[in-house]
There are 2 protein chains.
Amino acid sequence: MEMRDIDDLPKNAANYMALTPLWFLERAATVHPTRKAVIHGSRTYTWLQTYQRCRRLASALSKRSIGVGSSVAIIAPNVPALYEAHFGIPMSGAVVNTINIRLNASTIAFLLGHSQSTIVIVDQEFFNLAEDALRIMKEKSQSNFRPPLVIVIADGSCNPETLEYALGQGAIEYEKFLESGDPDFAWKPPQDEWQSIALGYTSGTTASPKGVLLHHRGAYLMALSNPIIWEMNEGAVYLWTLPMFHCNGWCFPWTLAAVCGINICLRQVTAKGIYSAIAKYRVTHFCAAPVVLNSIVNASPEDTILPLPHAVRVMTAGAAPPPSVLSGMSQKGFRVTHTYGLSETYGPSTVCAWKPEWDSLPPETQARLNARQGVRYVGLECLDVISTQTGQPVPADGKTIGEIVFRGNIVMKGYLKNPKANEETFANGWFHSGDLGVKNPDGYIEIKDRSKDIIISGGENISSVEVENNLYLHPAVMEASVVARADERWGESPCAFVTLKPGVGKSDEQRLAEDIMKFCRSKMPAYWVPKSVIFGPLPKTATGKIQKHVLRAKAKELGPVRMSKL
Amino acid sequence: MEMRDIDDLPKNAANYMALTPLWFLERAATVHPTRKAVIHGSRTYTWLQTYQRCRRLASALSKRSIGVGSSVAIIAPNVPALYEAHFGIPMSGAVVNTINIRLNASTIAFLLGHSQSTIVIVDQEFFNLAEDALRIMKEKSQSNFRPPLVIVIADGSCNPETLEYALGQGAIEYEKFLESGDPDFAWKPPQDEWQSIALGYTSGTTASPKGVLLHHRGAYLMALSNPIIWEMNEGAVYLWTLPMFHCNGWCFPWTLAAVCGINICLRQVTAKGIYSAIAKYRVTHFCAAPVVLNSIVNASPEDTILPLPHAVRVMTAGAAPPPSVLSGMSQKGFRVTHTYGLSETYGPSTVCAWKPEWDSLPPETQARLNARQGVRYVGLECLDVISTQTGQPVPADGKTIGEIVFRGNIVMKGYLKNPKANEETFANGWFHSGDLGVKNPDGYIEIKDRSKDIIISGGENISSVEVENNLYLHPAVMEASVVARADERWGESPCAFVTLKPGVGKSDEQRLAEDIMKFCRSKMPAYWVPKSVIFGPLPKTATGKIQKHVLRAKAKELGPVRMSKL
């Protein structure tokens, strides 16, 4: 047989189309036009309304010359406009550039300049921030600055004066902007599934944020992978605790359209707000960083609604969750799926797949097993841990530390305008995560540290994550983060930053610090035990990640641990 | 901004791979190596074992020069080897050509010749059939015939003499063949996701079967779409009632690997066997043609296990299911998902998506709504009903009949070596199904007939399906099929072929026929009422489809309905 017979049928208009999650919205509007799609306070939009609003948005953008190759920025918390931006902006051909609302004006100025966004959509609460950013851009660029068009999202729950001010400054109100668009706009699906759909910037624990470009193909595949990994069935009720601006909410805007579910928006995330939304809307699923889980576990009884009125599934990722937090959640009845990934991998791309044989294990063992980063997502083709020296896979011994690497269709297109970073990150046919971990005998990977977070003491590697996991077991500890502090004798030694649970007396910090160190000595090798324990609130990113670079700076201010202290 | 900045990052080895369902097997073996994958009587294989067996198969095939461009045929009922063929054959680069076990030898000879399969894997029970087919091929091809290598699947539940005979004729035993392969074989994923993965022949209601080619991309997308459409979560227990040789079991071999579920094999499908498998293996899902559902609904009480011990989901497709069968199933506690598709669309590609507002309707109304073919699958981009005259979409009025057409990524690559059929079927950017239907005001499509099944009486179209649906409501009717019979006055009139429920006295067929016609008159327009009612078993294809072409031949033998009969 000639190969061509069986393989040489060409693609045609009927059997090949670019993969894109935009079709999911069109489908949801066709199949369930009257079903609720997005709820925000007293406002509710059906799938048909959402589709029409997105088409209006795409149409209005097109009229302003936005199309393939453009970037539209949006600065907003989890409000309907941000959900709509994930469809409406790509439906115009452009890329949605979601911006973290907790960034400062000068960083936002950098991002807006780098992404060359000619339209900025901003929530009224953050208008001043956007205005400051634009002022900085203007100052820096001198004469040739063409200010972007600013569209402001009004929200009845905010101070009306901020809206009034924004409109006074010439911003167009978002609903007005939608009205200028056609609800029947003939949006064009991408011709090429490799076309970019989203641009998001890494959260800047490093000096210069990198712009992560995602494509339609990957967004489509993640949208179908998420429900399979997470038992998310048609009509799921999803609570938006995870910021949509963070890695496109792990692709859940598109997932919710694929499963025709319900999006419950949430402007501000508190344990009380989560519990009450669960009861009010019969929330079935939400995503949250471990710090949010910690606040749920430690919520005061009057803020909780327990026992839970129905099964609630929680996906957590974004930092290695301490086993104690996982077991606390499961004791409260939440079913926690632990995933791991990066903005560069469309959000979660590994999952600690639960095994039936774990059901009968003690809760602590379950939590320890479930705290691992696990195995690859169904949409990811290859995952491994490779030696930073040889590039070869490390043995599955649970001990040998290497770098966690990814390969497959849910790996980003690359960093925008950053060939050097792309070359490094895609070296040797892998995406290099920069996270260090081990491969366990059961094949589950486990993060030991970010490369830059590892503490090297007397030539030995100390995993800051493992020290933290032990600190979380101490009855007085609410949160803990461990970084390297210079040490005259050992080069580096662990320095613990700790917040205490409500009601713990801080009167004698020295004695408490000693008690914590003593506790650590009973749990870990002596050289792992923090030589410094410092109390106080922890600096966090918008997504709840503890900012270790800030803590490292603090540790530096403290100066080295003296020989005499030994 | 230049377009290139935001869109011009090239694919690289880390972020682009051909989509293929073969990775799902590797993943299942990595994530759940010890979990049961395939159960057949007393034999059980875990996911790791299944993966190793498939790698052995791929390796053994490679040693026999099978690779990209080859086709390997398999003639088998739902046994583990057929499951393995869906992975092992494509892992060698070749195309799996599943052959319907109910075909006759001369048709199989045609298929083997057309597909140019150089290896034939055959279940011992069907060895004689394969042997006859090869003999016919040899006779027809004269001197230049090179017989394919024959591999025979042994099964302890079959007559040992058939195996002995096959081995005596030089066939290689399947397990021996596997042993010649390497369990660690470095299989190569396809370089191009457009590469063919499967070849299956249309069931031959037309004279010359057409070879439907499916590609890796579509098989991957269907594997992810099926669980989302059907609430099929990780660890689902799937009973193989649907033949895997029929349209690759609607892509469920690959779906089961994606969800790490359990495949329960079933050599023969009976209502009793289905009930007992549900109880024994805690089956959660199975697929079946409406005729199988009918046998479940009408099973004698001693063959059933009711009430069902747990929730069981049933997907049905393959013919328009009579509403009475749907309501019968739901009364027994099965949750029926009604889908529709063709071999050319990877199996089901529309679904009658259930709406919450239907929950409160009377069972008959529910069944009638659920009997419609519905809306597009999540993996299909476009579905419509178009006028056979103008090619334009018909209005969503539930009345105007047009052809059901598909467009998207789960439409076949094309027919093998059949450019004329490809040109027709892919005309004007649509895949033309040949099925006639309407679009209802809620957007749900509904089949009225195959183009060739429509009955034209006095210039009016009669949907044979609607007449059948009414016949099924008659208390004595077990199965019904309606075709056109020549009619001296009206050109054509409906002719009903009917089987009766067990226990119904057939002593006076004439009176029963009159009673059925009277019943019909109370339900439908006079010209729809069958002028002839004929009792007896209905001819069926291997997949349980009633062979209307056989019935049409019978109706022809009867001669035209005479004027005097009016």
With chain B rotated onto chain A, spot the residue of B whose Cβ lies nearest the axis and note the distance in whole Å.
B:Leu224, 2
For B:Asp8, put the label point 7 Å out on the Cα→Cβ axis and report which residues of segment A:390-433 keep their amide N under 16 Å from it.
A:414-420
Excluding ligands, DNA and RNA, what is the accessible area buried between chains A and B, summed over both sides, using a 1.4 Å probe, to the nearest 100 Å²?
6400 Å²
May I ask you to derive the FRET efficiency for A:Leu558 and A:Ile305 from their Cβ-Cβ distance with R0 = 30 Å, giving the value to the nearest 0.05?
0.10
Net charge contributed by nearby residues that have their C-beta within less than 14 Å of A:Val297 (K/R +1, D/E -1)
+1
Cα→Cβ-extended label distance, 7 Å offset, between B:Asn144 and B:Gln191, nm
2.9 nm
Describe numerically, in nm with one decimal, the distance between label points set 7 Å from Cα along Cα→Cβ at B:His549 and at A:His549.
7.0 nm
Given a cut-off of under 8 Å on Cα pairs at least six residues apart, what relative contact order in percent is computed for chain B?
11 percent
What fraction of the DSSP beta bridges in segment B:162-299 is antiparallel, stated in percent and rounded to the nearest 5?
50 percent
Can you pull the accessible area of B:Lys452 for me, 1.4 Å probe, Å² to the nearest 10?
90 Å²
Give me the net charge of B:Asp442's neighbourhood, meaning all other residues with Cβ under 12 Å from the Cβ of B:Asp442; Lys, Arg count +1, Asp, Glu -1.
0
What FRET efficiency comes out for A:Asn461 versus A:Glu364 if R0 is 25 angstrom and r is the Cβ-Cβ distance? Round to the nearest 0.05.
0.50
Taking 8 Å as the Cα distance limit and 6 or more residues as the minimum spacing, I'd like the relative contact order of segment B:312-375 as a percentage.
37 percent
For label points placed 7 Å from Cα toward Cβ, what is the shortest-first list of nm distances from B:Arg489 to its copies?
11.2
Whole number in Å², please: accessible area per residue of chain A, 1.4 Å probe, ligands, DNA and RNA not counted.
38 Å²
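Averaged across the residues of B:404-413, what count of C-beta atoms belonging to other chains lies within 10 Å of each residue's C-beta?
The per-residue average across the peptide is 4.
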Toy charge model, Lys and Arg Cβ at +1, Asp and Glu Cβ at -1: the protein assembly as shown dipole around Cα centroid in debye, rounded to 20, equals 420 debye
How large, in percent, is the carbon and sulfur part of the accessible surface of segment A:269-451 at a probe radius of 1.4 Å?
53 percent
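Can you tell me which of B:436-442, A:498-504 comes out highest on packing, and rank the rest after it, using the mean Cβ neighbours within 10 Å?
B:436-442, A:498-504
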Keeping all protein chains in the complex and leaving out DNA, RNA and ligands, what accessible area do you get for B:His310 with a 1.4 Å probe, in Å² to the nearest 10?
30 Å²
With all protein chains present and a 1.4 Å probe, the order of A:His216, B:His246 from largest accessible area down is B:His246, A:His216
In segment A:386-455, what chymotrypsin sites (Phe, Trp or Tyr not before Pro) fall in a loop by DSSP, with at most 16 other Cβ atoms inside 10 Å?
none
Across peptide B:25-33, how many C-beta atoms of other chains are within 10 Å of each residue C-beta, on average?
4
Quick check of the Kirkwood formula: for segment A:22-217, what is the inverse mean of 1/r over all pairs of different Cα atoms, in Å?
17.1 Å
at A:Pro362 the sorted inter-copy label distances (label 7 Å from Cα on Cβ side), in nanometres, are 6.1
Copies of A:Arg43 compared via label points 7 Å along Cα→Cβ give distances in nm, shortest first, of 6.1
Run lengths n ≥ 4 of DSSP H only: what is the helix-derived mean residue ellipticity at 222 nm for the protein assembly as shown, with -39500 (n - 2.57) per run over all residues, to the nearest 500?
-9500 deg cm²/dmol
Bridge orientation stat for segment A:311-425 from DSSP, antiparallel percent rounded to 5, came to 70 percent
So the carbon and sulfur contribution to the accessible area of segment B:47-215, 1.4 Å probe, in percent, is 49 percent
Identify, among B:Gly211, B:Val38, B:Val291, the residue whose Cα sits farthest towards the positive end of the charge dipole of chain B, taking +1 on the Cβ of Lys and Arg and -1 on the Cβ of Asp and Glu, with the dipole about the Cα centre.
B:Val291
If packing is taken as the average number of other Cβ atoms within 10 Å across a peptide's residues, how do A:393-400, A:150-157 rank, most packed first?
A:150-157, A:393-400
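Are there trypsin sites (Lys or Arg not before Pro) in segment A:1-70 that DSSP marks as loop and that have at most 14 other Cβ atoms within 10 Å, and which are they?
Details: sites: A:Arg4, A:Lys11, A:Arg27, A:Arg35, A:Lys36, A:Arg43, A:Arg53, A:Arg55, A:Arg56, A:Lys63, A:Arg64; in loops: A:Lys11, A:Arg35, A:Arg64.
The qualifying sites are A:Lys11.
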Got a sec? Which residues of segment A:365-395 lose 20 Å² or more of accessible surface with every protein chain in place, vs. that chain alone, 1.4 Å probe?
A:Val375, A:Arg376, A:Val378, A:Glu381, A:Cys382
With the 8 Å Cα cutoff and a minimum separation of six or more residues, segment B:450-566 has a relative contact order in percent of 28 percent
What do you get for chymotrypsin sites (Phe, Trp or Tyr not before Pro) in segment A:141-215 restricted to DSSP loop and a cutoff of at most 14 other Cβ within 10 Å of the site's Cβ?
A:Phe145
Tell me the carbon and sulfur percent of the accessible area for segment A:454-565, rounded to whole percent, probe radius 1.4 Å.
52 percent
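So in the protein assembly as shown, what percent of DSSP beta bridges are antiparallel if you round to the nearest 5?
Counting only bridges with both partners in the protein assembly as shown, antiparallel ones make up about 55 percent.
The values are calculated or read from the model by the stated rules, or taken from the named source; none is laboratory data. This one's a predicted model, so the numbers in the text were calculated from it and none came from an experiment. Glycine also receives a Cβ, built like all others from the backbone with ideal geometry; neighbour counts cover every protein chain displayed. Accessible surface areas use protein heavy atoms only, side chains included; no ligands, DNA or RNA. Shrake-Rupley method; radii C 1.70, N 1.55, O 1.52, S 1.80 Å.
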